[in-house]
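What follows is a short report on a single structure.
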Amino acid sequence: MKVLVVNAGSSSLKYQLFDTVTEAVLAKGICERIGLDGRIEHKLANGDKIKKEIPMPDHAVATGIVIDYLTDKEFGCIADMSEIEAVGHRVVHGGTYFSESVLVNDEVIAKLSNCVDLAPLHTPAHLMGIEGCTKAMPGVPQVLVFDTAFHQSMAPQAYTYALPYEMCQELSIRRFGAHGTSHRFVAAEMCKILGKTEGTHIVTCHIGNGSSITAVKDGKCVDTSMGMTPLAGVMMGTRCGDIDPAVVTYVMKKTGMTPDEMSDFMNKKCGFEGLSGISSDSRDIEAAILEGNERAYLTASTLAYQIKKFIGSYAASMNGLDAVVFTAGMGENNTELRERVCSDMEYYGIKINKEVNAAAHHQSDIVELSTEDSKVKVYLIPTNEELMIARDTEALVSAL
């Protein structure tokens, strides 16, 4: 089956076309500046690519342009649109409505519309992407794959906040988590390595500009670091992560910030960028450490310390720890971060092979980072959310 995987933003549309038989990516690209002048970057599996500015007044037109390029005689990879048998959409937030991937219908669209307040920057874009695909490919089944779905298996004590119960129920205040599709993918890969799913205790570390840590027991999420929004958990590129809630009101009183300004501040001006005063990019932080910058070292060591604490607490909550997995941009490529996290963790049975770890970056293979005598396995597993979306889409559409 050929599945088009779509990740729609407010003014962008990323895409990958999969052949699910071989799980090969036939083509991928991005449409940008939708609603303005428009631009597409399209790339084939053989490396051929093209960039072109072209008007894209809305997502429907952008989707049509994507199909034009996928079927183009020179830059295409399929004969015509009929070869696209299904579309899979990445959706950031499914609220309490969706615990698994679903086929698009009117009821699903209505429920997704109710999630706008939970992800106001993303959900309207997702809805536009779905509408655009519906107009450009009428009759082609569409599937929604939710970042929050994997975390719906958490028990109430893991997702509940200590606010008035009625308020939590009325306003849907709870821990939802994020990056669920990534955590689900790498946890499943780790279970394959362990040779079983039942009886496994895995901590998956999705570390990038946005980061989250998840406890996965028996293949299911039992806890995750992000909260009601992606602002919670460990510090990130520009997000503060967990802080004392009183800091929020204290800073607002001292600076006169409005609630919206404070939210923008915590999301866009804190984290690596705010603490280091250098950059939100960990590569810049690591370079500054080599130059002796103390704030850069403080930033990097603070992140590693926070990840350590999550690993320890999740080992306690699962009553065991079989493996730790690093994935995403920093998790896959920042060798210094992985060494900092895994050092002084012998009590938990974690021993990392420093030489193997130092060489493991910018590659697409799964790498075992732990030593032979490490009681807990440590792995680098490149994430592939798009492939997981394609798999879910194929499974649901094949059952029709």
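The values are calculated or read from the model by the stated rules, or taken from the named source; none is laboratory data. Since the model is a prediction, treat every value here as computed from it, not as a measurement. Counting neighbours? That spans all protein chains shown, and the Cβs are built from the backbone with ideal geometry, glycine included.
Looking at the stretch 265-292, I want the residues that are touching a residue at least 12 places away in the same chain (Cβ under 8 Å) and have a partner that is among the charged types (D, E, K, R) and part of a loop (DSSP other than H, G, I, E, B) with Cβ atoms under 7 Å, at least 6 apart or on another chain. Which pairs are those?
Close Cβ pairs (under 7 Å, with a partner that is among the charged types (D, E, K, R) and part of a loop (DSSP other than H, G, I, E, B)) amount to M266/R239; N267/R239; C270/R239; G271/R239.
Quick test of your reading of the structure: G139 fulfils all but one of (1) at positive phi; (2) not assigned by TED's automatic domain parsing to the domain that holds I65. Name the failing condition by number.
(2)
What about F18, is it at pLDDT 95 or above and either farther than 18 Å from K135 by Cβ or not in a strand (DSSP E or B) (or both)?
Against the criterion (at pLDDT 95 or above and either farther than 18 Å from K135 by Cβ or not in a strand (DSSP E or B) (or both)), F18 qualifies.
Based on this model, can you work out whether F176 counts as closer than 17 Å to S101 by Cα, assigned to a loop (DSSP other than H, G, I, E, B) and either modelled with pLDDT of 95 or more or aromatic (F, W, Y) (or both)?
Yes: the conditions hold for F176.
Name the residue, out of L400, L321, L387, that is assigned to a helix (DSSP H, G or I) and on the phi < 0 side of the Ramachandran plot.
From the options L400, L321, L387, the qualifying one is L387.
Can you find even one residue in the stretch 190-211 that is under 26 Å from Q157 (Cα atoms), in a helix (DSSP H, G or I) and without any contact (Cβ under 8 Å) to a residue 40 or more places away in the chain?
Yes, because at least one residue in the stretch 190-211 is under 26 Å from Q157 (Cα atoms), in a helix (DSSP H, G or I) and without any contact (Cβ under 8 Å) to a residue 40 or more places away in the chain.
Given (1) more than 18 Å from the chain's Cα centre (by Cα); (2) not assigned by TED's automatic domain parsing to the domain that holds D117, where does A178 come up short, assuming only one miss?
Among (1) more than 18 Å from the chain's Cα centre (by Cα); (2) not assigned by TED's automatic domain parsing to the domain that holds D117, A178 violates only (1).
The conditions are (1) assigned by TED's automatic domain parsing to the domain that holds T327; (2) over 16 Å from V325 (Cβ atoms), and I350 fails exactly one of them. Which is it?
With (1) assigned by TED's automatic domain parsing to the domain that holds T327; (2) over 16 Å from V325 (Cβ atoms) applied to I350, the lone miss is (2).
What single numbered condition from (1) in a loop (DSSP other than H, G, I, E, B); (2) hydroxyl-bearing (S, T, Y); (3) under 17 Å from M236 (Cβ atoms); (4) touching a residue at least 12 places away in the same chain (Cβ under 8 Å) fails to hold for S301?
(1)
Looking at (1) touching an Asp or Glu at 6+ places or on another chain (Cβ under 9 Å); (2) at pLDDT 95 or above; (3) hydroxyl-bearing (S, T, Y), can you tell me which one S212 breaks?
Answer for S212: the failing condition is (1).
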